[in-house]
Amino acid sequence: MTPAARVQAASEIIDQIAGGMAAEKALTNWARGARYAGSKDRAAVRDHVFDALRRWRSSAVLGGGESGRLRMLGLLRALGPAPAEVFTGGPHGPAPLTEEEAAGGAEPEGAAALDLPDWLWERLRESQGEVAEEVALSLRDRAEVFLRINALKADADVALEVLEADGISAERHSGAAGALRVTQGARKIARSRAYLDGLLELQDASSQAVVEALPLETGQRVLDYCAGGGGKTLALAARLGGGPVLAHDANPRRMSDLPARAERASAVVEIVSAPSGPHDLVLCDAPCSGSGAWRRSPEGKWRLKPGDLDRLAQTQGEILDAAAGLVAPGGVLAYVTCSVLTQENGQVVDAFRARHPEFKAELFREYRPGREGDGFYLAVLRQAGQGDR
Ligand SMILES: C[S@@+](CC[C@H](N)C(=O)[O-])C[C@H]1O[C@@H](n2cnc3c(N)ncnc32)[C@H](O)[C@@H]1O
C-alpha cells in the first residue's frame, strides 16, 4: 500500500468508529477485507487511526470537519507529511483536496487543543493544577514500549543480548530497576525468544515503579486483590524471589492467562477465589478510568462520562473496604490506579481513611504520564499493629 492508500483506509475506518463501532472491531473488519495489506501496512493504518483517536477533537478543528477524510487532513496538518503530498488522487489514495477543504480548518483552542472533552479538562485542571496542560498534551502522543526484566531469569546484560539476537533494540530506563525502553523492533517482541522464554514481560515503566515502591520482604504473605492479567502479580513475585503471590480478581476470567505466564516466568502464583486474611500486604490495583494510560487506549477519553467517575469512585471505596479486612495487624494496604484524576485517587483514599482511622498513610506517589511511562497513583497505608490500637 502507498502512504496515501493507508491514509484513505484510515479515513474509512475512522468513519466507522465515528458511527459507533469500537476501534479494534473496525480495524479487524478492515484487515479481513484487505488481504493485500502486509503487516507494515496494517501497523501504519492502525497508527493513523490511533493518532486520530488521541487527537479526535483537534484533528476535526484543524481539518475543518468531522468526517474521517477531514480528520485525517487535520492530523496531517498537525503531524505531517504535507496534505498536498497525500491528497493527490493517486490509485487507492484520497481524492485531491477541494478549494474549500484546502482553505478550511482552524487552529484549535482551549480543551479542543488539548484533546479532551470540556468537562474532563475541568477535572484534570482541578486534579493536576499547573501541570494539567502538560499532562493533557502528553496524552495526545503515542506511548513508548517498555519491558520488565524478569530478575528470576535474567539480568539486563543477558536480556539485551537475547533481544538484540531477535532484532530488537532496547536501553535501560532509570524509572525502575528492571525497566527497558524499546528503541527498535517493538512489534517483534511477542514472538521473540526473550519474551517466550520468560526473560521479559511487557509492562509499562510506571507500573513497574509502583511495584518497586511497595514495602515488601521475602517470605511475606502477599495478595494481589485485583490481579487481572497479572502484570503486577508477576512483578510482585519477582520482588519476593519467586513468590508465592496470591492472586484474586472479581472476574476470574481476567486471570485465565496468569498460570501460563507465571510458569513461563518461573514465578509461583496461587489463584484464590475467596481470599481470607491475614496478609502482610494487599495490593488493590483498582478498576479506574485509565486516564493515565489514555495514550494506549484513547477511546476512553471520549467515552468516559461524569457519572462513570462517580460509579468508579464508589467501587474503588468498596474494594478498599473489602481488602482492608484481609490485612494483618501492622500490615500494608496498597491502593493503585492508572488514573490522573483526584476523584479516583486522593479523594477515595481520604474517604477510606475517614472510615478506617486504623490505617495510617505511609507513602503517596503520583506518576505523571509522559516519556517516563503512564500516569499512576499509589497510596501505601499501614494498619496499626496489635500493640498500637
Ligand atoms: C486495573 S485492572 C488490574 C490490572 C492488573 N493488576 C495488572 O497489573 O495487569 C483492575 C481489575 O480489578 C478487577 N475488579 C473489579 N472489581 C473488583 C472487585 N470488586 N474485587 C476484585 N477485583 C475487582 C477487574 O476485573 C480488573 O481485572
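The values are calculated or read from the model by the stated rules, or taken from the named source; none is laboratory data. Everything numeric here is computed off the predicted structure, so don't read it as measured data. Ideal geometry is used to build each Cβ from the backbone, glycine not excepted, and the neighbour counts take in all protein chains shown.
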Inset, instruction - Check whether at least one residue in region 99-111 is touching a helix residue (DSSP H, G or I) at 6+ places or on another chain (Cβ under 8 Å), closer than 21 Å to LEU139 by Cα and either buried (at least 19 other Cβ atoms within 10 Å of the Cβ) or of a type in the set (S, T, N, Q) (or both), and report yes or no. - result: yes
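State whether one or more residues within region 325-337 are among the polar types (S, T, N, Q), out of contact with any Cys (no Cβ under 6 Å at 6 or more places or on another chain), modelled with pLDDT of 95 or more and on the phi < 0 side of the Ramachandran plot.
no
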Inset, instruction - Go over the candidates LEU163, LEU152 one by one and state the one that is assigned to a helix (DSSP H, G or I), of a type outside the set (Phe, Trp, Tyr) and not assigned by TED's automatic domain parsing to the domain that holds ALA267. - result: LEU163
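From the residues in region 251-282 that are more than 30 Å from GLU144 (Cβ to Cβ) and near the ligand (Cβ under 10 Å from one of its atoms), which one is surrounded by the fewest Cβ atoms within 10 Å (Cβ to Cβ)? Can you show your working first?
Of all residues in region 251-282, those more than 30 Å from GLU144 (Cβ to Cβ) come to 252, 268, 270-280, 282.
Adding the requirement that they be near the ligand (Cβ under 10 Å from one of its atoms) leaves 252, 275.
Numbers: PRO252: 14, PRO275: 17.
Step by step, filter region 251-282, then rank; the result is PRO252.
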Inset, instruction - Would you check if ALA84 is part of a helix (DSSP H, G or I) and in contact (Cβ under 8 Å) with a residue 24 or more places away in the chain? - result: no
Inset, instruction - Considering each of GLY317, GLY387, GLY307 in turn, give the residue that is more than 12 Å from the ligand (Cβ to nearest atom), at pLDDT 95 or above, surrounded by fewer than 22 Cβ atoms within 10 Å (Cβ to Cβ) and in a helix (DSSP H, G or I). - result: GLY307
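Right, GLY38: on the phi > 0 side of the Ramachandran plot and outside the structural domain of ARG296 (by TED's automatic domain parsing) or not?
no
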Inset, instruction - Within region 196-210, identify whether any single residue is part of a strand (DSSP E or B), within 15 Å of the ligand (Cβ to nearest atom), in contact with a Pro (Cβ under 8 Å, 6 or more places away or on another chain) and not acidic (Asp, Glu), and answer yes or no. - result: no
Legend entry - Per-region count, region 220-233, residues more than 9 Å from the ligand (Cβ to nearest atom) and either under 17 Å from VAL336 (Cα atoms) or at pLDDT below 95 (or both): 2
Legend entry - Qualifying positions in region 283-297 - more than 8 Å from the ligand (Cβ to nearest atom), in contact (Cβ under 8 Å) with a residue 60 or more places away in the chain and buried (at least 24 other Cβ atoms within 10 Å of the Cβ): SER291, GLY292, ALA293, TRP294
Inset, instruction - Go through the residues of region 137-148 one by one and say whether even a single one is surrounded by 15 or more Cβ atoms within 10 Å (Cβ to Cβ), modelled with pLDDT of 95 or more and in a helix (DSSP H, G or I). - result: yes
Inset, instruction - Could you check, for region 234-244, whether at least one of its residues is surrounded by fewer than 18 Cβ atoms within 10 Å (Cβ to Cβ), within 14 Å of the ligand (Cβ to nearest atom) and at pLDDT 95 or above? - result: no
Inset, instruction - Please state which of the following conditions ALA334 fails to meet, knowing it meets all the rest: (1) under 18 Å from LEU124 (Cα atoms); (2) within 16 Å of the ligand (Cβ to nearest atom). - result: (1)
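Could you list, in sequence order, the residues of region 273-298 that are in contact with a Ser or Thr (Cβ under 8 Å, 6 or more places away or on another chain), in a loop (DSSP other than H, G, I, E, B) and of a type outside the set (Ser, Thr, Tyr)?
Of the residues in region 273-298, the ones in contact with a Ser or Thr (Cβ under 8 Å, 6 or more places away or on another chain) are 285-292, 295.
Subset that is in a loop (DSSP other than H, G, I, E, B): 286-290, 295.
Hits for region 273-298 are ALA286, PRO287, CYS288, GLY290, ARG295.
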Inset, instruction - Answer with yes or no whether ALA106 is modelled with pLDDT of 95 or more, of a type outside the set (D, E, K, R) and assigned to a helix (DSSP H, G or I). - result: no
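Which members of region 153-170 meet the condition of being surrounded by fewer than 18 Cβ atoms within 10 Å (Cβ to Cβ), touching a strand residue (DSSP E or B) at 6+ places or on another chain (Cβ under 9 Å) and not small (Gly, Ala, Ser)? Spell out the reasoning first.
Of all residues in region 153-170, those surrounded by fewer than 18 Cβ atoms within 10 Å (Cβ to Cβ) come to 155-158, 161, 164-167, 169.
Among the residues that remain, those that are also touching a strand residue (DSSP E or B) at 6+ places or on another chain (Cβ under 9 Å) are: 155-156, 158, 164, 167, 169.
Hits for region 153-170 are ASP155, VAL158, GLU164.
Conditions tested, residue by residue: (1) β-branched (Val, Ile, Thr); (2) more than 16 Å from the ligand (Cβ to nearest atom).
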residue	(1), (2)
LEU139	no, yes
ALA143	no, no
ILE168	yes, yes
GLU171	no, yes
SER174	no, yes
ARG187	no, yes
ALA194	no, yes
GLU212	no, no
LEU216	no, no
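Considering ALA37, ALA52, which residue is outside any helix (DSSP H, G or I) and buried (at least 18 other Cβ atoms within 10 Å of the Cβ)?
ALA37
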